[in-house]
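The values are calculated or read from the model by the stated rules, or taken from the named source; none is laboratory data. Just so it is clear, the model here is predicted, and its values are computed rather than measured. Heads up, the Cβs are rebuilt from the backbone with ideal geometry, glycines too, and the neighbour counts pull from every protein chain shown.
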Amino acid sequence: MTPKTLLSALAASTALVATPLLAQDCAEPIKVGVLHSLSGSMAISETTLRDVMLMLIEQQNAAGGLLGCQIEAVVVDPASDWPLFAELTRQLLTVDEVDVIFGAWTSVSRKSALPVLEELNGLMFYPVQYEGEESSRNVFYTGAAPNQQAIPAVDYFLEELGVESFALLGTDYVYPRTTNAILEAYLLSKGIAAEDIFVNYTPFGHSDWSTIVSDVVALGAGGKQVGVISTINGDANVGFYTELGAQGVSADDIPVVAFSVGEEELSGLDTGPLAGHLAAWNYFMSADTEINAEFVAAWKAFAGENRVTNDPMEAHYIGFNMWVNAVTAAGTTDVDAVREAMWGQEFPNLTGGTAVMGTNHHLSKPVLIGEIRADGQFDIISQTEEVPGDAWTDFLPESSVLTSDWQELGCGMYNTATSTCVQLTSNY
Amino acid sequence: MPFRTLMFRALALVALAIVALPGPARAQDALQPALQAFADDLASPSRRTIESVVITLIEQDHPNIGEFLRRYSAREVVQRPEDGLFFYAEDAGALVRLVDIDSGEAVAEVSSRDVTQIRTNSGVQRVIAAALVPLELNAPERERRMAALDAISRSPDASQIAPLAESVERETDASLKTRKERLLLLLQAQFAQDRAVQLSAIAALGGDTSIEARGVLNRLTATVTEVALALPEGANIARVLNVGTDLTEAAAYELLVSAALAEPAQTPAMLREVLAENIVDGRVGGVPVGRLSDPAARIEAYEALEAAGTVPPRAAPDEAAQAVAAHVFFDRYTLDDAEITAAAQAALDSTQQAIAAYQVADLVLDGLSLASIFFLAAIGLAITFGVMGVINMAHGEFIMMGAYTGYVVQLFIPDYTISLLVALPLAFLVTFGAGVAMERSVIRHLYKRPLETLLATFGISIALQQLAKNIFGTQARPLTAPDWLGGALQINDIVGISTIRVAIFVLALIFLALLLYILKRTRLGLEVRAVTQNPGMAASMGINPDRINMLTFGLGSGIAGIAGVAIGLYAQVTSEMGANYIVQSFMTVVVGGVGNVWGTLAGASLIGFLQKGIEWFNPSNTLAAQTYMVLFVILFIQFRPKGIVALRGRAAGD
Amino acid sequence: MAKTTLAPKKGFLSENPSVLRFLGLLTVFTLIVTALAEGFGAGVISTSFLKVLGMTLCLCLIAVAMDVVWGYCGILSLGHFAFFGLGGYGIGMWLMYARTEGIVRTSLANAPIPATEGEVRDAIASQIFSVVGSTELPFIWGFAHSLTLQLLLIVLVPGLLALVFGWLAFRSRVTGVYLSILTQAMTLALSLYLFQNDTGLRGNNGLSGLQNIPGLLHLPQSTIALWFFWASALALGLGYLLFAWLVSGKFGSVVRAIRDNENRVRFLGYHVESYKLVVFTATAIVSGIAGALYYPQAGIINPAEIAPITSIYLAVWVAIGGRGRLYGAVIGAATVSLLSSWFTGGGAPNIDLGFYRIVWTDWWLVLLGLGFVAVTLFFPKGIGGLFDYLVRKP
């Protein structure tokens, strides 16, 4: 946080009311909270999500609203300041009295909002790929869990590219840490020796990549095919890929698969040095389906011709539509009723197939692997069937015994070994 | 059709070379039916399955197979879902033009959604390239021969030796010929049938520090750790492992367990489970369940169960140690031929010292590069601090301003070389102007209150940073280096540095020389030094301190602008980039000693080398290196409060 | 003078009416807020705003400490937020540990065999650290099970750090700008250290869920927020009183003399280093306490909280409020942080210039930066100085 933004909770809400379409007999509009940073370091990624929410709400209102009411977006700005996420969540739920929140990007911000959501029994849709190991009663995770992004990408490395020596490079924060811990355990279980796994963490915005890239290249001296799994976040990627290019490392020699580099991050970058490297997501803008073409066209019409779509946007698209359908099915916006109606909700993916919301609050989605093209888009070179999201990974001993099932077990952290519910709240 | 016959001959050769299988090599009339036989594997290609398909197809020796595989590999092949036929796809505006594989005629134009594009991944591409090697090695185009050589180096195989050896003599291009000879050596070291050839090839790789060569040798000397009751006869043992020094007892026991030579040790969790299964009337082995929160009581309960015969006996405390002692642990070469592994090991050992020396050299290069970056970032600050006693918190924002100047220039001048040549002086001018403006409007009024300049310039810093955000957005902007700066200066596979860093180093040297010249040899420099040492006296000698202050500040800021362009070229341009360098720059100045070019150089070198050195000890944690570096600086200042090169003057304090 | 310091209660307050006035105002403010709060009174002030007010009081407290060390003793410390953060981490460790312990014990209570203490500890560790890919409890959590010990650490850790750091720095006669940079390096080193996962404080993720107080989980947040608001007000009042007393007597005179000319004081025979060390350490401890009260209200603490820039902002608050007068620091911290949130939160009306629309979220920092330059140039005594001028003129 920066102390200066401390009190943004004061009056941070701006209500955006869509034009009333029909005279309704509802007392007040249905309110949707949008909790994405519009300033600070995360604004670059999160502003887009605010925009896509406004577009989806506008579309829904144009289609007649929800339960005969208009939907009103309550947009707040947590300013990339983690404590502010908690404060604004409280404000949205108690002062603005929203029915649902769509928001958060980093795991820290989600963990900041979690206790408030669980205390006040709110409902949040979280749209970003994350490290798993969580299943809150009050959160629906529409982004990928590790088994929907990281594990398939590593499988692709092992199976298709024959990689035998792994460099796990990441920015030093929770998502890379947990993901790499899971991947290390997974690689060991696949017979990769511990000395063939090189792990490195760098700070946010790191720029001095020459030594690290040299270290990675030197791994090749072991006589094994080297591959890089990158959980490097944000700006630091620029220096990283530039250094790869400078040292003449091509994607054919040392492939890099990134979990945090998407269309939005590539737009406005010189993608020349990145071409041929890989990224794993559940959605790419280049997906060649009719429904995606419509979505992209609507987005460009709404936000501008040069804008791109990306994976978290699809997550919000699916999440919002599922919520709308669940509210319609439940006939109310009451959180408990909607939650129950959410289980088993189905909605078509933009990339084909159908997303299903599991009772562990995670989606089943296809896993896509794309190759970066010179134009900043991705060539989809692999697409799996829908994979159900797994809240608790099978590859760490502590969490392999845990499972989440809110419908049958009524518990998000259920120990199958002792048949007890560890806790009803989440770890934060 | 002379081309066809040529292809045919080449392919006949290929088929013989690759599979060396007797069989009816018969050209078919059309390729499509042959492809249809493998329709599923071709439609969803995987590295695991494609190899046999490709080999069989090449075996069938169809004249068009080479072209097909190349285009298939380049993702130009689509499948029509209705009939499963394969076509070449050509771009036709919004539609895709389907071209018949055999006739080469356009068949239809359809929407891209009506056909399935087959996207071969790079693993599949590698397999195809390797399969095509014998054919491509003698291809007329140099690029194709080059690609074939790359394919060999990426997927070496015994079958490549013969065609490669044959093609070496035919090669006309000198550099390709050298490369072919070298690859042949690498292949022979691994796969030669003739032991003498293999041994001589291995010997020839001795002293070679290249990654390729070491990769080959390391593959030959790969070992696995195993355990047995006694050393197996005839096994090619690399070394016997000593429990306690080479591996811990716990690790040794784990090996025993994984080799099924011992039972897994009972963990507390397992004990707990066994006890839970044996609860009878709230008691386990006579011990009340309530007492079992005590580990000793758990053992007592287990022993009671053991005595009753309900559970297997507990392992004796030293059972694990005994089991480990009864076995021998060793590293075994995966290759059984002791002569080969010994030769490879010898060849590998002969490079060890050279590698260590090169690694140090590489570290020194990295350290130099980092030091030159720190120097460029800090020297402007050092000048203003030394001459005026003013800490300029907005210095980092001048760096940012320089970088954004470079970015804006690139928007207008698309040629990267020219734009860089324009950007450097322009960045200097822009930041020089900004520096002078700031000095005139703010700092001039605060000379009596040096601590407050720190705060006032901080105010300017946050305003400038936010201004940059408002103008350029929060996203990182590219500042692309021209191609001639894009590569790396690669001395060998270990020692190398990117050209851009060399350029930054040269830039730092130029500025070092320039500043020394200005300070030591010009009138301005004389006056600056005079003001630094004693402003009052300087003023009474007719020097106008106001003018000197203004020019010095401008100069310091201008250099920051240049540093900004340099830093932007190798890293990213963001509104926060200045803030990332400011604290480091402060430390450089303070460690080096204020107001002295040499001091800054010393400070930058110390910090740069120190950081790289610590990183080398702990390569997996860059943050730790930075932390310890800052801690070192804190301690260093305690013992040399005036820095490495102490100077007397206004900034040196009372 | 000596008499005053010996009998501070009567003489000190009567000699410093501003202290009484401040304490009176603080009491009135606390009572009004309480009456309007959701948890107790009219419900005009929402719980989230109440937390904001409570946190502001904590920021005022550290600003007062900063004013003593800078405005009175002349040490421009750019590292006091390090102590604030350490206090936060201190209380945060206990809050996390105790809350997790509650969860773990409840879940293990259903197990067929009662858990050993070792098993409970392992379960707690894996609960807390699974989010950063680890399952072991680092040794620095050795005291986290005990509130008393951890409260002791809140005082001891910042105090010891300040003592050692100050002793080293003052002994080597590092002064002025050098000292500022050194303190900045200290907070940078600490934040880099905490950013590391190996440190055992969950790296970038920090400690979260701190608003849930173990043992009080049945109480609504509106009540807990009110309690913390009262505690913050009490801490601010006591801290203000302590520092006002410290700077008023003979001790204060020496300290101010050090600010004005350190060497002369030294030549007069005072042991300057000891005075500086006492001021530095005392303010560090108070900063730690302020942090320990702040973070349970914020709910989460992570290393970004103690990045160098936050400490510079602290100096900015004090400078704007007015150095060398304690109420100035309070005015500065409260004004700037409340204004900041009003602007960045979209509360301020955007101005449409026709050709350009000034969106305050984007332009507030520019305004703050330039305003700050203006204050430094034209009102070196800050808002507090303006206040004095207005009060004394008639």
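Starting from region A:24-46, keep only residues that are away from chain B (no Cβ under 14 Å), then list their pairs with residues that are surrounded by fewer than 20 Cβ atoms within 10 Å (Cβ to Cβ) and among the small types (G, A, S) whose Cβ atoms are within a distance under 8 Å, requiring at least 6 positions of separation or different chains.
A:Q24/A:G68; A:D25/A:G68; A:C26/A:G68
Right, C:N204: among the polar types (S, T, N, Q), crowded, with 19+ Cβ neighbours inside 10 Å, over 18 Å from the mean Cα position of the chain (by Cα) and in a helix (DSSP H, G or I) or not?
Here the answer is yes, as C:N204 does meet what is asked.
Can you find, within region A:243-282, the residue that is farthest from A:P388 (Cα to Cα) among those that are under 21 Å from the mean Cα position of the chain (by Cα) and in a helix (DSSP H, G or I)?
For region A:243-282, the residue satisfying everything is A:L266.
Residues of region A:178-202 being touching an Asp or Glu at 6+ places or on another chain (Cβ under 8 Å) and facing another protein chain (nearest Cβ under 7 Å), which ones?
Within region A:178-202, A:T178, A:V199, A:N200, A:Y201, A:T202 meet the criteria.
Output the residue which, of all residues in region B:308-324 that are surrounded by 12 or more Cβ atoms within 10 Å (Cβ to Cβ) and in contact (Cβ under 8 Å) with a residue 12 or more places away in the chain, is farthest from the chain's Cα centre (by Cα).
This residue is B:T310.
When the residues of region A:341-354 are narrowed to those that are without any contact (Cβ under 8 Å) to a residue 60 or more places away in the chain and not in a loop (DSSP other than H, G, I, E, B), which ends up farthest from A:P146 (Cα to Cα)?
Looking at residues that are without any contact (Cβ under 8 Å) to a residue 60 or more places away in the chain and not in a loop (DSSP other than H, G, I, E, B), I get A:A341.
Restricting attention to region B:157-170, and to residues there that are without any contact (Cβ under 8 Å) to a residue 60 or more places away in the chain and crowded, with 18+ Cβ neighbours inside 10 Å, which single residue is farthest from A:I254 (Cα to Cα)?
B:S167
Output the residue which, of all residues in region C:41-62 that are among the polar types (S, T, N, Q) and touching a residue at least 12 places away in the same chain (Cβ under 8 Å), is farthest from C:F84 (Cα to Cα).
C:T47
Is there any pair linking a residue in region C:123-134 that is free of Cβ contacts under 8 Å to residues at least 40 places away in the same chain and part of a helix (DSSP H, G or I) to one that is surrounded by fewer than 21 Cβ atoms within 10 Å (Cβ to Cβ) and of a type in the set (D, E, K, R), with Cβ under 8 Å and at least six apart or on different chains, and which?
Matching pairs, first to second residue: C:I124/C:E101; C:A125/C:E136; C:S126/A:E398; C:S130/A:E398.
Taking region A:203-216, which residues are in contact (Cβ under 8 Å) with a residue 12 or more places away in the chain and within 7 Å of another protein chain (Cβ to nearest Cβ)?
Matches in region A:203-216: A:P203, A:G205, A:H206, A:S207, A:D208, A:S210, A:S214, A:D215.
Looking at this structure, is B:V583 within 27 Å of the chain's Cα centre (by Cα), crowded, with 16+ Cβ neighbours inside 10 Å and modelled with pLDDT of 90 or more?
Taking the combined requirement at face value, the residue does not satisfy it.
Restricting to region A:380-403, give me the number of residues that are in a strand (DSSP E or B), surrounded by 17 or more Cβ atoms within 10 Å (Cβ to Cβ) and more than 14 Å from chain C (Cβ to nearest Cβ).
Summing the residues that are in a strand (DSSP E or B), surrounded by 17 or more Cβ atoms within 10 Å (Cβ to Cβ) and more than 14 Å from chain C (Cβ to nearest Cβ) in region A:380-403 gives 7.
If I ask for residues that are modelled with pLDDT under 75 and more than 14 Å from chain A (Cβ to nearest Cβ), which ones from region C:328-376 would you list?
C:G354
Among (1) more than 14 Å from chain A (Cβ to nearest Cβ); (2) surrounded by 21 or more Cβ atoms within 10 Å (Cβ to Cβ); (3) of a type in the set (A, V, I, L, M, F, W, C), where does C:L268 come up short?
Going through (1) more than 14 Å from chain A (Cβ to nearest Cβ); (2) surrounded by 21 or more Cβ atoms within 10 Å (Cβ to Cβ); (3) of a type in the set (A, V, I, L, M, F, W, C) one by one, C:L268 breaks only (2).
What tally of residues in region B:483-512 results from selecting those that are more than 9 Å from every other protein chain (Cβ to nearest Cβ), in a loop (DSSP other than H, G, I, E, B) and buried (at least 16 other Cβ atoms within 10 Å of the Cβ)?
Result for region B:483-512: 1.
Scanning for something over 16 Å from B:S350 (Cβ atoms) and crowded, with 16+ Cβ neighbours inside 10 Å, does region B:197-204 turn up at least one residue?
yes
Which of the residues that make up region A:219-235 are facing chain B (nearest Cβ under 7 Å) and more than 16 Å from A:T171 (Cα to Cα)?
Answer for region A:219-235, where residues must be facing chain B (nearest Cβ under 7 Å) and more than 16 Å from A:T171 (Cα to Cα): A:G220, A:A221, A:G222, A:G223.
Yes or no: region B:532-549 includes at least one residue that is β-branched (V, I, T), in the same structural domain as B:M388 (by TED's automatic domain parsing), at pLDDT below 85 and crowded, with 24+ Cβ neighbours inside 10 Å.
Yes; the residues of region B:532-549 include at least one that is β-branched (V, I, T), in the same structural domain as B:M388 (by TED's automatic domain parsing), at pLDDT below 85 and crowded, with 24+ Cβ neighbours inside 10 Å.
Looking only at region C:104-122, filter to residues that are assigned to a helix (DSSP H, G or I) and more than 25 Å from C:D198 (Cα to Cα); which one of those is nearest to the other protein chains (Cβ to nearest Cβ)?
Per the stated criteria, the residue is C:S107.
Here is a list of conditions, (1) within 26 Å of the chain's Cα centre (by Cα); (2) at the interface with chain B (Cβ under 10 Å from one of its Cβ atoms); (3) in a loop (DSSP other than H, G, I, E, B), and A:V238 meets all of them except one; can you say which number that is?
Going through (1) within 26 Å of the chain's Cα centre (by Cα); (2) at the interface with chain B (Cβ under 10 Å from one of its Cβ atoms); (3) in a loop (DSSP other than H, G, I, E, B) one by one, A:V238 breaks only (3).
Could you list, in sequence order, the residues of region A:162-177 that are at the interface with chain C (Cβ under 9 Å from one of its Cβ atoms), not in a helix (DSSP H, G or I) and not aromatic (F, W, Y)?
Matches in region A:162-177: A:T171, A:D172.
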